[in-house]
Amino acid sequence: MNKVAHYLQEHLLGEVTANAEVRRYFAHDGSILQMPPAMVVYPRSEEDVRKTASFCWQLVKRGQAIPITARGSGSNTSGGAIGPGILLIFPAHMNKILSFDAKRRNLTVEPGVTYSNIEQMLFSHGQFLPPYPPSQNYSTIGGAVAKNSLGEKSVKYGVTGHYVRSLRVVLANGEVIETGSLSKRELSQKMGLTNFEGEIYRALDKLLEENHEAIEESRGRFQNVRNTAGYNIFGVKSRDHFDLTPLIVGSQGSLGIICEVSLASVEHSPQTTLCLASIPKLESLHQLLPQIKHLRPSVLDFINRPALQLVSRINPNQLSGASADLDSEAHLFVEFDDIKKGRQKDALKALNKLIAEAEGSLVAYTDANDKDQIFKIRDSVATILNFAKVPAKAVPVAEDIAVPQDKIVEFIQQAYGLYQKIGLPPAAWGHIGDGVLHFQPLLDLSKLGDRQKLFRISDSFYSLAIKLGGSITAGAGDGRVRAPYLKLQYGDKLHGIMQAVKNIFDPYGILNPGVKTATPAQIKALMRSEYGPARHQEYLPRY
Ligand SMILES: Cc1cc2nc3c(=O)[nH]c(=O)nc-3n(C[C@H](O)[C@H](O)[C@H](O)COP(=O)(O)OP(=O)(O)OC[C@H]3O[C@@H](n4cnc5c(N)ncnc54)[C@H](O)[C@@H]3O)c2cc1C
């Protein structure tokens, strides 16, 4: 492999290394899996990415497969940012904001720039990119687009994909394409191309045309649920337009490698009202959540009593002085950000009434320091994730599940039952306004019994989400960890269409293989025997 690294180094501007320590370092992402790459490339330009892909394409045609995995900061919890071949590390050099047109609210960036760097630039123009994930300080826009990430603001503003206008993408053979909405005439021109891009348009159009009925029949099934599982075959072709962008968004580098992203920004409202509503009975959420959503909150997050109990156990000081009834079953974090302050006041008044009817309590603040007190409670989840000084860690399975709004309470109740049977605390949190819930179990992966529990929990939670009409992943991506449940979620027909999409873009299987296709046996073979999420940031690239 050193020979290959040497050859690539001679042809690329960016650094290439097969150093054992670097490979060990990049063997992990934010998931429970591990796999050292054969080598690491730090591309300096699209041309470097293009040459790498073209090289691997030539090689695989001669019988030697070296797969390529694109990587941002590796915070992905689904095992999608690791790979056995070449790891392309984008934050090292391809990390620039290329342009911002304030008038058109159009932003063009390289994939390795962090979400929070983009936000800081936009804030100075009174703008922002709303679906930032909690990891925004270190995670990249390329990772967010490739996974279609969402965050606390998604309940009002939607997911990252909604803001992507177009992408520059390196295809499996090294060709570069630009995605975007095409008219019928433009599609015909693309289909007339004699290169790989033309082949893709022709094969995809045929596939979608032949399966039109099956796709249309299923379209409605996931309309009311946040869902990034599989490939978004629903967003590509409509009566008068054709767009590859929705397919690349959420594809986790398994269809192409994103080298440039054009995004739309929106007006930012810095003055907000933040409320903490504590609800004595879980069942009340059934009625409350749609009523609160009707008030157009910009955040609607949740944490349950067992989660706060766990925080108190791990770090008793964490919640001292918290202005909430910590014994309540559910806590909701509700923010209103309407530019018109009067509307925020009206929404708060209505919320007060709803919470009183549910026999809950409410505190509301507009001052930044007071608001921090409220978010301190929500963000205390980080204590569970990062600071448990016991071998058992909150491992990322049974997380990022999305269920339709009318099934949320049922899902939580059944999840409580499952954890009671297994003997684990049912700590839960999430962007509940989007139906997104995390039930990360505390497990010690060095113990065989806990590893067995992990698979039982995965099976039970993802199957339950699917049974209730939900999705195995709202924003974290199916990656490898959730790949075995894709068929269960979509059924044979749609799953087959998605596999055909993969074959069209990546006929030799060199783009992030295993992502969206891994089997339970493959996952078991890649399992880590320890898990330490606090080390996420150590896995940032070396510059
Ligand atoms: C504590 C914690 C909380 C989180 N909460 C959320 C949450 O609420 N919502 C959410 O959506 N996510 C969440 N995440 C997951 C993750 O942080 C985000 O999804 C983030 O956007 C990923 O960015 P990254 O740079 O780390 O990407 P990576 O992890 O490096 O990559 C993610 C995927 O994208 C692919 N990829 C990366 N760059 C490219 C590229 N240029 N071209 C093609 N493919 C590429 C990778 O192959 C991989 O499959 C959380 C993670 C942590 C650790």
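The values are calculated or read from the model by the stated rules, or taken from the named source; none is laboratory data. Everything numeric in this text was worked out from a predicted model, so none of it was measured. Virtual Cβ from ideal backbone geometry, glycine too; neighbours counted across all protein chains shown.
Of note:
- Sole residue being in a strand (DSSP E or B), crowded, with 19+ Cβ neighbours inside 10 Å and within 14 Å of the ligand (Cβ to nearest atom), chosen from Val155, Val169: Val169
Listed here are the residues, each with its yes/no results for (1) under 15 Å from Thr272 (Cβ atoms); (2) without any contact (Cβ under 8 Å) to a residue 40 or more places away in the chain; (3) not in a helix (DSSP H, G or I).
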{"residue": "Pro306", "(1), (2), (3)": "no, no, no"}
{"residue": "Gln309", "(1), (2), (3)": "no, no, no"}
{"residue": "Asn317", "(1), (2), (3)": "no, yes, no"}
{"residue": "Asp346", "(1), (2), (3)": "yes, yes, no"}
{"residue": "Leu351", "(1), (2), (3)": "yes, no, no"}
{"residue": "Phe375", "(1), (2), (3)": "yes, no, no"}
{"residue": "Ile384", "(1), (2), (3)": "no, no, no"}
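- Within the range 450-500, tally of residues that are in contact with a helix residue (DSSP H, G or I) (Cβ under 8 Å, 6 or more places away or on another chain) and charged (D, E, K, R): 7
- Of all residues making up the range 420-432, the number that are surrounded by fewer than 24 Cβ atoms within 10 Å (Cβ to Cβ) and farther than 14 Å from Ile384 by Cα: 4
- Within the range 98-127, considering residues that are buried (at least 21 other Cβ atoms within 10 Å of the Cβ) and in a strand (DSSP E or B), the one nearest to the ligand (Cβ to nearest atom): Thr114
- Residues that are of a type in the set (A, V, I, L, M), in a helix (DSSP H, G or I) and either over 15 Å from Cys56 (Cα atoms) or touching a helix residue (DSSP H, G or I) at 6+ places or on another chain (Cβ under 9 Å) (or both), drawn from the range 1-41: Val4, Leu8, Ala20, Val22
- In the condition set (1) more than 19 Å from His438 (Cα to Cα); (2) touching a strand residue (DSSP E or B) at 6+ places or on another chain (Cβ under 7 Å), Val299 is compliant with all but (1).
- Considered as a group, the residues in the range 208-237 that are away from the ligand (no atom under 16 Å from the Cβ), assigned to a loop (DSSP other than H, G, I, E, B) and within 24 Å of the chain's Cα centre (by Cα) include one that is surrounded by the fewest Cβ atoms within 10 Å (Cβ to Cβ), and that residue is Gln223.
- If you check Gln440, Gln414 for being surrounded by fewer than 21 Cβ atoms within 10 Å (Cβ to Cβ) and closer than 28 Å to Leu288 by Cβ, only one passes: Gln414.
- So Thr517, is it touching a Lys or Arg at 6+ places or on another chain (Cβ under 6 Å), of a type in the set (S, T, N, Q) and modelled with pLDDT of 95 or more: no
- All positions within the range 5-41 that are of a type in the set (Phe, Trp, Tyr) and more than 13 Å from the ligand (Cβ to nearest atom): Tyr7, Tyr25
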